[in-house]
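Since every read-out is calculated from the coordinates, none of them should be taken as a lab result. All values derive from a computational prediction rather than experimental measurement. Neighbour counts are summed over all protein chains in view; Cβ atoms, including those assigned to glycine, are modelled from backbone coordinates with ideal geometry.
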Amino acid sequence: MTQLEENFADIAPPLNRDAALLESTKCLYCHDAPCMIACPTHIDVPSFIKKINTGNLRGSARVILDANPMGHSCARACPVDVLCEGACVLNDRDEEPIKIALLQRYATDYAIEKSLRLFEPGAATGKKVAIIGAGPAGLSCAQDLRRMGHAVTIFDAHPVPGGLNTYGIAEYKMRPPIALAEAKMVIDLGAEIKSGVTVGRDVAFEDLHKEYDAVLVAVGLSGTRKLGIPGEELPGVIDALAFIEHLKTHPYDETPVGRNVVVVGAGNTAIDAVTQAKRLGANAATIVYRRGEEEMPAYEYEFQLAKKDGCAFRFFTVPKRVIGTDRVTGLECVRSQMGPPGADGKPTLVEVPNSTHVVECDMLMRATGQGRNGDFLKSAGITIQSGSVVSTLPNVFVAGDCLSGGAEIVNAAADGKAAAAAINLALGGQPVMSQRDRMIRA
């Protein structure tokens, strides 16, 4: 293993058989399990762990993937510290929570390794559904629709499916082959996928709306927001997601990285970018964020990971200008501090006079969040009303990040399943009891 391969090895290595069996014995198999409630897809955690304990890995994987078709990727990239594992009752006893994510990975990896066919398509209904986007929401919807018997065609702009699972998750958390194997399990149910097809360019949305009985829009979000400062167009200024995508689709040594890398933003994508820049060999990798540590959107464990990797953080630092002639050489910033409460009651941000300084860098990444693709959504009859996403056309549904504005894989999976249930009902199918309702009635 080369040094780069070692740098991008699994951050949470899988459990072997003995370790998985031992860990499964620690579960208390709670009846009203807080871990199940905390999961947006409400996976029956006690049930799948019990099946691991009894050696029924097929049954365990089926429990997981029935509730969450993205169970493989969620086992690797879900923020379990604030979801299922954070809710484990063992925390209340000052004990380590059950390693739910690693147990979930143990079961779902078995399903992939053995090429298990866990579900079958339902009896054909004669109804056709178009899904725009082959990310977690689109694939989750497709799995349930095929199990209900509806024909499904997925349109995706990328060469291969998976969305951010394939192209946007840090390499040390999850590699593309897992995302592709996960997508294959859905496609093997009979979903047709048309990759490399951009709706609105290669095919008109209006044509899909006419040809199909229902359409799901699950296109995610658009490009990273600009910094809106002079010099941003200089070579060496790139989007963090573009950097991550290149890393995940090329050999590690073919992804360019600067000696001094600065990432603007402090969300989870910013952390993924800055840590991977450091692991690729950057001498210095620094987060620049206009607010303080307590306000950063990234999860605490992501913050700790970046610090462990040797990344630096400059809080209360506001970018004002990108410096350079032929290429970026630095980022001019000013200090900031929290000011008096604004109209919304939250502290305002005040720039400190005479605090201008330059952070040297030869690569600058934007990780300042993404917005919805307003033009495309408008063409699909989707509007934003009072902060809510509203479809104005009959049998057009929305799911995933373009609905939520940006959330986790597990939230997108939950959205996709909810959309499948709504589509099925609109097409004359029987109401489908959600996993949450099953849990309540149990």
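Of note:
- Contact order, relative form, for the stretch 237-366: 27 percent (alpha carbon pairs under 8 Å, 6 or more residues apart, mean separation divided by residue count).
- Bridging of residue 278 to aspartates and glutamates at a Cα separation below 17 Å is possible for 5, 6, 10, 171, 239, 245, 253, 254, 302, 309, 360, 362, once same-chain residues fewer than 8 apart are set aside.
- Dividing the summed helix terms, -39500 (n - 2.57) for each DSSP H run of n ≥ 4, by the number of residues in the chain produces a 222 nm estimate of -10500 deg cm²/dmol to the nearest 500.
- Residues 167, 106, sorted so that the one with the fewest Cβ neighbours within 10 Å comes first: 167, 106
- Label-point gap, in nm, between residue 184 and residue 116 - each point 7 angstrom along Cα→Cβ: 1.6 nm
- Partnerless cysteines in the chain, where a partner means another cysteine C-beta under 4.7 angstrom, comprise 27, 30, 39, 88, 141, 311, 333, 361, 402.
- Placing a pseudo-label 7 Å from each Cα along the Cα-to-Cβ vector at residue 352 and residue 2 gives an inter-label distance of 4.3 nm.
- For residue 321, the amide hydrogen comes within under 5 Å of the amide hydrogens of 332, counting only partners 5 or more places away or on other chains and with H modelled in the peptide plane.
- Selected from 63, 80, 358 as most flexible by GNM, with the chain as the system and alpha-carbon contacts under 10 Å: 358
- Amide H contacts under 5 Å for residue 98, placed H, 5+ residues apart: 90
- Based on C-alpha pairs under 8 angstrom that are at least 6 apart in sequence, the chain has a relative contact order of 17 percent.
- For the stretch 80-92, Karplus couplings with θ = phi - 60° (6.51, -1.76, 1.60), whole Hz, Gly/Pro x: 5, 4, 10, 10, 4, 5, x, 9, 4, 5, 5, 4, 5
- Estimated FRET transfer efficiency when R0 is 35 angstrom, pair residue 81-residue 390 (beta carbons, to 0.05): 0.55
- Total formal charge among the other residues, if their Cβ is under 10 angstrom from that of residue 232, Lys/Arg +1 and Asp/Glu -1: +2
- Remark: relative contact order (the stretch 138-252) = 33 percent; criterion is Cα-Cα distance under 8 angstrom and separation of 6 or more residues.
- Here the stretch 3-113 is described by how far its Cα atoms reach on the three principal axes: 45, 30, 27 Å, from widest to narrowest.
- Computed from phi, the 3J(HN,Hα) profile of the stretch 62-72 under the Karplus parametrisation 6.51, -1.76, 1.60 (θ = phi - 60°) reads 5, 4, 5, 6, 5, 7, 9, x, 9, x, 5 Hz, with x in place of Gly and Pro.
- Among residues other than residue 384 with Cβ under 15 Å from its Cβ, the summed charge is 0 (Lys and Arg +1, Asp and Glu -1).
- Here the Karplus relation 6.51 cos²θ - 1.76 cosθ + 1.60, evaluated at θ = phi - 60°, turns the backbone of the stretch 399-415 into coupling constants of 7, x, 5, 6, 8, 7, x, x, 8, 8, 3, 5, 5, 5, 4, 4, 4 Hz, with x for every Gly and Pro.
- Within-13-Å neighbourhood charge of residue 77 [Cβ basis; K, R +1; D, E -1]: -2
- Listed residues 102, 145, 116, most fluctuating in the chain (Gaussian network, C-alpha, under 10 Å): 116
- Annotation: amide H of residue 287 within the under-5 Å range of 263, 312, 313, 314, sequence separation 5 or more or interchain, hydrogens built in the peptide plane.
- Listed by chain and number, the lysines whose C-alpha is less than 25 Å from the C-alpha of residue 194, apart from same-chain residues fewer than 8 away, are 127, 128, 184, 210, 248, 378, 417.
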